[in-house]
Amino acid sequence: MALTDVAPIVTARLRHPDSHTLERYLATGGYAGLRRALRMEPEQVAEEVNAASLLGRGGAGFPAGRKWSMLRKAPVRYLVVNGDESEPATFKDHLLIERDPHGIIEGTLIAAYANQVAQAFIYVRGEFALGLERMQTALNEAYENGAVGRDIFGSGFSVDIVVHPGAGAYICGEETALLESLEGKRGFPRIKPPYFPAAIGLYGEPTIVNNTETMANLPWIIQHGGHAFAALGEGSSTGTRLFALSGHVRRPGNYELEMAKTTFRDLIFAPVLGGGIRGGRQLKAFIPGGASAPWFGPDKVDLPLDQDAVGKAGSMLGSGSVIVMDDQTCVVRAAWRIVRFFYRESCGQCTPCREGSGWVEKVVRRIEEGSGREEDLDLLLDMCDNISPGLSWPPQQTTICVLGPSIPSSIVWAIRMFRDEFLVHIKEGACPYG
Amino acid sequence: MARLSAETMAQARELMSLYPDSRSALVPICHLAQAEEGWLSPEAMEEIAELMGLAPAEVLGTASFYEMLRTEPVGRYMVSVCTNIACLLNGAYELVEHAEERLGISVGATTPDSMFSLEEAECIADCDRAPCLQVNHRFFGSVSDERFDNLVEDLASGRLEHDVPPHGVLCRVRRQGGLAVPAEQVRAERAEADRAREERAAAAQAEKS
Ligand SMILES: Cc1cc2nc3c(=O)[nH]c(=O)nc-3n(C[C@H](O)[C@H](O)[C@H](O)COP(=O)(O)O)c2cc1C
Ligand code: SF4
Ligand code: FES
């Protein structure tokens, strides 16, 4: 099997318990990518990243090189690293922030040099107290080591990095909300257009926003070349990627796998990966890319972990988190909990999102608690259709950001796949699984 | 009137100097202020407003948006049990029930001795150790009922003093190092470097043709 053939890229040094220290980082080849990058022209560095076709690891999967090229001619620019990870069941950036902060800093410095940015920010989710301490410690070490600050490694290039703590708000992971938050305001997403960060970003200036894991790949890409990275994976899904596996599997955890070479079946069932469903039970359903993604049934388990393949099959690889539900799972309750999350985290700017999420949550809760009516199912689909017309994938958007159209995913697909189970709840007034 | 300590004020000024626009330091400064009393009192917010040249309502407006910034007092230990999808599938609500029983309070409340507060949290990105929780944003994973009881005892007896500082204390590592020159100077130098690079590229182009 192609599961373990490929050497890991972003988790390479995590087998060392002290992987977060500068000492271990340097002993395992740390900052060599940055030194190499500084000997190249910035355009060449960007070209390597382009050649790697590195897709952003934050959820939308936009090629990093292409994003950067939009900024080539702009005057003042900022680089913002998105470490706000709060998509339910996603826990890969958390791992990297705590266990390899220098890797993120080195990647950030490479991106800053490639784009000639003098000021970068690493926005770390506020709840990551240990992560914030590790990141700030690593940054202090990096300053002392001459890797960041004035004239880094004697290259003539100067750059400053600030570690910025969030304070608990899922929506601040959305890039324009993140910029508002970084400006000291409430985390309200901005309207795109015109507020594409690359055009009008932080303080109104052109800004690059990239995910933490996206940054963590850069040292390897510069060391080994963009083509070596692109040689891994298949088609547009290049390199390796961290997959966060959770739910009813024997071995939940983060697994770094070559893109597109592994299937969901491998991830969930292979003994060295998920190890199969716990307690000898069967697979009922899984969510392939974070709580915002439409659900898949066991019939989709042989799909590869490939962005395009999953997209064509009607869902998304999203944040790379896979949630597994066994045959004893109450899907009504599972779908309810996901909708409740969006209801709690809606920023409230758009009516379909603010009101819609609340109504959908109420009706699903009613069914879950045993006082639902048969008409509720059509009512739910109708309400969801108001939030995202057509209930198709990719979804139609009537709101400022895509949190809105994420609300229907769990409900609509749960009803489509398990209508019978919803009806049992309604008719018997109770859950068949107790 | 509660007053923020001189130390906190000095750190707050340092934070303001890090950003092109000092307002960006508002949330980090709220965290600092919260570390003093465990929450953001109206007096603390007023003082932050004064320091930053903002209206008190602007400080409250921002602070009230964020879950972690508390505009009402909470216990010394805020126990946040995740009940989101991966934890739900692994018994999170049963753990919440147990927590309510053990602490003798329901979700949203604080014990009479102000030692513990209990809340339901959204996914805290520790899903492979579900069900999991945070105490003052320090992680505890794979929490059984028994482990929960032990944790509560350890906290109450002060055995976890270092691992779990009182509510509000977030990052205990201070920033050291920095650019040491104003960002404008760096930008001017960069413009010069840009020009030099363009000249090099033009020269290379000319050589080719
Ligand atoms: C509601 C919402 C939440 C998001 N949360 C995150 C997040 O926690 N981390 C992240 O990197 N991107 C998140 N994103 C995606 C960002 O908007 C942005 O696309 C990403 O940070 C870009 O980085 P990348 O190109 O490297 O993937 C979120 C988007 C939405 C709509
Ligand atoms: S879709 Fe929801 S979260 Fe996004 S801006 Fe509108 S109200 Fe806010
Ligand atoms: S769902 Fe509980 S930590 Fe992620």
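The values are calculated or read from the model by the stated rules, or taken from the named source; none is laboratory data. Keep in mind it's a predicted model, so treat the numbers as computed, not measured. Positions of Cβ are generated from backbone atoms using ideal geometry, with glycine treated the same way; all protein chains shown enter the neighbour counts. These area figures cover heavy atoms from the full protein model, side chains too; ligands, DNA and RNA do not enter into them. Shrake-Rupley method; radii C 1.70, N 1.55, O 1.52, S 1.80 Å.
So the check is Cβ under 8 Å with 6+ separation or different chains; which pairs have a first residue in the range B:107-130 that's within 8 Å of another protein chain (Cβ to nearest Cβ) and within 16 Å of ligand 1 (Cβ to nearest atom) and a second one that's among the small types (Gly, Ala, Ser) and open to solvent by 10 Å² or more (accessible area, probe 1.4 Å)? So the pair list comes out as B:Glu122/A:Ser86; B:Cys123/A:Ser86; B:Ala125/A:Ser86. A search for C-beta distances below 9 Å between a residue of the range B:3-20 that is away from every other protein chain (no Cβ under 13 Å) and under 19 Å from B:Trp39 (Cα atoms) and any residue that is open to solvent by 50 Å² or more (accessible area, probe 1.4 Å) and assigned to a helix (DSSP H, G or I), counting only pairs 6+ apart in sequence or on different chains, returns B:Arg3/B:Glu43; B:Leu4/B:Glu36; B:Leu4/B:Glu43; B:Ser5/B:Glu36; B:Thr8/B:Glu36.
Looking only at the range A:186-201, residues that are under 18 Å from A:Gln349 (Cα atoms) and either within 10 Å of chain B (Cβ to nearest Cβ) or open to solvent by less than 60 Å² (accessible area, probe 1.4 Å) (or both) come to 5 in all.
For the range A:127-238, the helices (runs of 4 or more DSSP H) that sit wholly inside it and include 3 or more residues that are modelled with pLDDT of 95 or more and of a type in the set (A, V, I, L, M) are A:129-144, A:175-182, A:218-224. Against the list (1) in contact with a Leu (Cβ under 9 Å, 6 or more places away or on another chain); (2) in a loop (DSSP other than H, G, I, E, B); (3) within 20 Å of A:Phe91 (Cα to Cα); (4) not charged (D, E, K, R), the condition A:Ile268 fails is (2). Close Cβ contacts (under 7 Å, 6 or more residues apart or on different chains) running from residues in the range A:158-185 that are facing chain B (nearest Cβ under 9 Å) and closer than 15 Å to A:Ile97 by Cβ to residues that are in a loop (DSSP other than H, G, I, E, B) and open to solvent by 20 Å² or more (accessible area, probe 1.4 Å) comprise A:Pro165/B:Cys171. Considering only residues in the range A:156-172 that are under 17 Å from the mean Cα position of the chain (by Cα) and more than 19 Å from A:Leu130 (Cβ to Cβ), the one that is most open to solvent (accessible area, probe 1.4 Å) turns out to be A:Tyr170. Applying the set (1) open to solvent by 10 Å² or more (accessible area, probe 1.4 Å); (2) within 16 Å of ligand 2 (Cβ to nearest atom) to A:Leu130 leaves exactly one unmet item: (2).
In the set (1) over 20 Å from A:Ile9 (Cβ atoms); (2) not in a strand (DSSP E or B), the condition left unmet by A:Leu79 is number (2). Against the test of being within 15 Å of ligand 2 (Cβ to nearest atom) and either surrounded by 23 or more Cβ atoms within 10 Å (Cβ to Cβ) or modelled with pLDDT of 95 or more (or both), the options A:Val364, A:Val360, A:Val331, A:Val324 yield a single qualifying residue, A:Val360. In the range A:88-99, of all residues being touching a strand residue (DSSP E or B) at 6+ places or on another chain (Cβ under 7 Å) and in a loop (DSSP other than H, G, I, E, B), the one that is farthest from the other protein chains (Cβ to nearest Cβ) corresponds to A:Thr90. All of B:Val135, B:Val143, B:Val186 fail the test of being β-branched (Val, Ile, Thr), surrounded by 17 or more Cβ atoms within 10 Å (Cβ to Cβ) and without any contact (Cβ under 8 Å) to a residue 24 or more places away in the chain, apart from B:Val186. Take A:Gly146 and tell me if it is more than 9 Å from chain B (Cβ to nearest Cβ) and either among the aliphatic types (A, V, I, L, M) or touching a helix residue (DSSP H, G or I) at 6+ places or on another chain (Cβ under 9 Å) (or both). So A:Gly146 fits the description; yes.
Looking across the range A:325-380, just one residue is away from ligand 1 (no atom under 15 Å from the Cβ), over 20 Å from A:Gly434 (Cα atoms) and within 12 Å of chain B (Cβ to nearest Cβ), and that is A:Arg340.
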